[in-house]
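Chemist: Please see the structure below; I have some questions.
The values are calculated or read from the model by the stated rules, or taken from the named source; none is laboratory data. Since the structure is predicted, the reported quantities are computational estimates derived from the model, not experimental observations. Here Cβ is always computed from backbone atoms with ideal geometry, including for glycine, and neighbour counts include all displayed protein chains.
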Amino acid sequence: MLGRSDTVSLNEALLLLRQQLPPGPAQKVSLSLDEALGRICAINIFSPENLPSHPRSTMDGYAVRARDTFGASEKLPAYLEIDGEVYMGELPDHGPNPGACYRIATGGILPPGTDAVVMLEHTVAIDTSMIEVVQPVASGAHIINTGEDIGEHDILLSQGHRIRPQDIGLLAGVGLLTIEVFPKVRVGIISSGDEIVPCSEMPPPGKIRDMNSVSLAAQVRKANAQPFFYGIASDKEEDLTSMMQEAKTANDIVLLSGSSSVGIRDLGEQVIEKMGVPGIIVHGVAVKPGKPVIIARAGDCMIFGLPGHPVSAAVAFDLFVRPAICHLAGMADDGLPQYRTMKARLMRNLNSASGRTDFVRVQIKISADRKPEAYPILGKSGALSTMVRAHGYIEIAEKLQGLKEGELVEVVLFD
């Protein structure tokens, strides 16, 4: 079995992970729009109608026949009688006579016979019944035509698309109040170690509170998956095996926190290997923090052995677990970045070992000349406060031996 001396590169680990991931979801569930935010479309969603259903004005002004404004200018305006008004929420059944216009507000339905809207700013009121038009408009100006936003039978959202607030607005606009989505990925979480006690308890000497299960559950929810906590397993093989079997049976992913390191009393590797084929795929990745991570598959369940140190566990989750959740959730891979980033000036030299990818937490400060500066926050992988004080992290690629003060670096921001 692989040990710490047999680590693989980050790129190789990600490639092996992608090759071993089970197929995406086959089931579908129907949800109301109120429940759909962040969920993944299970089918292509088509529009049942045109949006808008009638041509509408995009400006406050006057609905006109465009030809009645041709040649208009401030010195030689076009004179139009005001024949009526379009009231919001009403469908006009007739339009103005030639050489006349209707008052119309933004969003009003264009009256029959008109094909453009003159902006209010381009008119001068002579009295309550006539205006001067001082700038001509072309046919189609300042209107949105029937189906111009979305046409009937157009694809609104594609299978694999993650639902955003604007998507919900569009679905509501065409009257689709329920949609089919994939079920949330189920993620079982187990903490392990005789030194771990629940975070609700006061730890006696030699014990520590279980931070990882709570923070990992939060990361799972942030990834729009559903966490399930199975408790704290002792360093007895039968105890850990029983919990792992229960979690593996009920979940798509199992996270085992604190049993990935190579040591006399760490049983994670042995227990994970018992869970099923193909077994352990990776044990050890050339990254810092997060080196001793285990990636395994047992049947259709992915198992990740995460380091016990909180920072290492959090970094390993983002590198390996989050992509697995996205795949198993049915999310389409559009090639777009999954994180917000920004450029900042590095404010000190950073050393790194060649052949290893380093992730360094940084705090962003804005300089007097309004330029972002990245200040590294150095600390041990057990110090979760370094993550709390950081705004994001920078990556030092494995081919580099460090970064120099003053370099422009890309910062991956924490949400």
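Conditions (1) in the same structural domain as Glu90 (by TED's automatic domain parsing); (2) more than 39 Å from the chain's Cα centre (by Cα); (3) of a type outside the set (Gly, Ala, Ser), marked per residue:
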residue: Ile109; (1), (2), (3): yes, no, yes
residue: Met130; (1), (2), (3): yes, yes, yes
residue: Ala138; (1), (2), (3): yes, yes, no
residue: Glu152; (1), (2), (3): no, no, yes
residue: Leu176; (1), (2), (3): no, no, yes
residue: Ser192; (1), (2), (3): no, no, no
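A quick yes/no check of all residues on (1) more than 24 Å from Cys199 (Cβ to Cβ); (2) among the hydrophobic types (A, V, I, L, M, F, W, C):
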site: Gln245; (1), (2): yes, no
site: Glu273; (1), (2): yes, no
site: Gly276; (1), (2): yes, no
site: Gly279; (1), (2): yes, no
site: Val285; (1), (2): yes, yes
site: Ala313; (1), (2): no, yes
site: Asp318; (1), (2): no, no
site: His327; (1), (2): yes, no
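Chemist: Let me ask you something else. Against the conditions (1) in contact (Cβ under 8 Å) with a residue 24 or more places away in the chain; (2) surrounded by 17 or more Cβ atoms within 10 Å (Cβ to Cβ), where does Asp83 fall short? Just the number, please.
Modeler: (1)
Chemist: What number of residues in segment 111-128 are in a loop (DSSP other than H, G, I, E, B), within 48 Å of the chain's Cα centre (by Cα) and farther than 18 Å from Ser53 by Cβ? Show your work before the answer.
Modeler: Within segment 111-128, the first condition is being in a loop (DSSP other than H, G, I, E, B), and the residues that meet it are 111-115, 128.
Next cut, within 48 Å of the chain's Cα centre (by Cα) only: 111-115.
Next, from what is left, pick out any that are farther than 18 Å from Ser53 by Cβ: 113.
Residues flagged as in a loop (DSSP other than H, G, I, E, B), within 48 Å of the chain's Cα centre (by Cα) and farther than 18 Å from Ser53 by Cβ within segment 111-128 amount to 1.
Chemist: Looking at Ile126, is it within 22 Å of Leu76 (Cα to Cα), of a type outside the set (Gly, Ala, Ser), in the same structural domain as Glu74 (by TED's automatic domain parsing) and surrounded by fewer than 16 Cβ atoms within 10 Å (Cβ to Cβ)?
Modeler: yes
Chemist: May I pose another question? Return the residues of segment 70-85 that are within 18 Å of Ser129 (Cβ to Cβ) and out of contact with any Lys or Arg (no Cβ under 7 Å at 6 or more places or on another chain); say none if nothing qualifies. Steps first, please.
Modeler: From segment 70-85, those within 18 Å of Ser129 (Cβ to Cβ) are 77-85; that's our starting set.
Matches in segment 70-85: Pro77, Ala78, Tyr79, Leu80, Glu81, Asp83, Gly84.
Chemist: Take the residues in segment 38-76 that are outside any strand (DSSP E or B) and in contact with a helix residue (DSSP H, G or I) (Cβ under 8 Å, 6 or more places away or on another chain); name whichever of them is surrounded by the fewest Cβ atoms within 10 Å (Cβ to Cβ). Break it down stepwise before answering.
Modeler: If we filter segment 38-76 for residues that are outside any strand (DSSP E or B), which is where we start, we get 38-39, 42-44, 47-50, 52-55, 58-60, 65-76.
Subset that is in contact with a helix residue (DSSP H, G or I) (Cβ under 8 Å, 6 or more places away or on another chain): 59-60.
Numbers: Met59: 19, Asp60: 16.
Among residues in segment 38-76 that are outside any strand (DSSP E or B) and in contact with a helix residue (DSSP H, G or I) (Cβ under 8 Å, 6 or more places away or on another chain), the one surrounded by the fewest Cβ atoms within 10 Å (Cβ to Cβ) is Asp60.
Chemist: Can you say whether Ala296 is at pLDDT 95 or above and buried (at least 23 other Cβ atoms within 10 Å of the Cβ), as far as the supplied structure shows? Please lay out each step first, then the result.
Modeler: Values: at pLDDT 95 or above: yes; buried (at least 23 other Cβ atoms within 10 Å of the Cβ): yes.
The answer is yes for Ala296.
Here is a yes/no grid of residues against (1) surrounded by 16 or more Cβ atoms within 10 Å (Cβ to Cβ); (2) within 24 Å of Lys248 (Cβ to Cβ); (3) not small (Gly, Ala, Ser):
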position	(1), (2), (3)
Glu148	no, no, yes
Ser158	no, no, no
Lys184	yes, yes, yes
Val187	yes, yes, yes
Ile196	yes, yes, yes
Ser200	no, no, no
Asn212	yes, yes, yes
Gln219	yes, yes, yes
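Chemist: Given the options Ala247, Ala313, name the one that is at pLDDT below 95, under 18 Å from Gly188 (Cα atoms) and either touching a helix residue (DSSP H, G or I) at 6+ places or on another chain (Cβ under 8 Å) or surrounded by 15 or more Cβ atoms within 10 Å (Cβ to Cβ) (or both).
Modeler: Values: Ala247 fails: at pLDDT below 95.
None of the other options fit; the residue is Ala313.
Chemist: Against the condition surrounded by fewer than 20 Cβ atoms within 10 Å (Cβ to Cβ) and more than 28 Å from Arg162 (Cβ to Cβ), how does Gln270 come out, does it pass?
Modeler: Working: surrounded by fewer than 20 Cβ atoms within 10 Å (Cβ to Cβ): yes; more than 28 Å from Arg162 (Cβ to Cβ): yes.
For Gln270, the condition - surrounded by fewer than 20 Cβ atoms within 10 Å (Cβ to Cβ) and more than 28 Å from Arg162 (Cβ to Cβ) - is met.
Chemist: Same structure, new question: Which one is modelled with the lowest pLDDT among residues in segment 219-244 that are charged (D, E, K, R) and either within 22 Å of Ala314 (Cα to Cα) or in contact with an Asp or Glu (Cβ under 6 Å, 6 or more places away or on another chain) (or both)? I'd like the intermediate steps shown before the answer.
Modeler: From segment 219-244, those charged (D, E, K, R) are 221-222, 235-239; that's our starting set.
Imposing the further condition that a residue be either within 22 Å of Ala314 (Cα to Cα) or in contact with an Asp or Glu (Cβ under 6 Å, 6 or more places away or on another chain) (or both) reduces the set to 221-222, 235.
Details: Arg221: 97, Lys222: 95, Asp235: 85.
Among those that are charged (D, E, K, R) and either within 22 Å of Ala314 (Cα to Cα) or in contact with an Asp or Glu (Cβ under 6 Å, 6 or more places away or on another chain) (or both), it is Asp235.
Chemist: Quick check on my filter: what residues within segment 273-293 are free of Cβ contacts under 8 Å to residues at least 60 places away in the same chain, surrounded by fewer than 20 Cβ atoms within 10 Å (Cβ to Cβ) and assigned to a loop (DSSP other than H, G, I, E, B)?
Modeler: Residues satisfying the conditions are Gly276, Val277.
Chemist: Looking at segment 371-378, can you tell me whether even one residue there is more than 17 Å from Gly406 (Cβ to Cβ) and surrounded by fewer than 19 Cβ atoms within 10 Å (Cβ to Cβ)?
Modeler: At the first step, the residues of segment 371-378 found to be more than 17 Å from Gly406 (Cβ to Cβ) are 377-378.
Pick out the ones that are also surrounded by fewer than 19 Cβ atoms within 10 Å (Cβ to Cβ) and you get 377-378.
Yes, segment 371-378 contains a residue that is more than 17 Å from Gly406 (Cβ to Cβ) and surrounded by fewer than 19 Cβ atoms within 10 Å (Cβ to Cβ).
Chemist: For segment 154-173, name all the residues that are within 22 Å of His54 (Cα to Cα) and within 17 Å of the chain's Cα centre (by Cα).
Modeler: Those that are within 22 Å of His54 (Cα to Cα) and within 17 Å of the chain's Cα centre (by Cα): Gln166, Asp167, Ile168.
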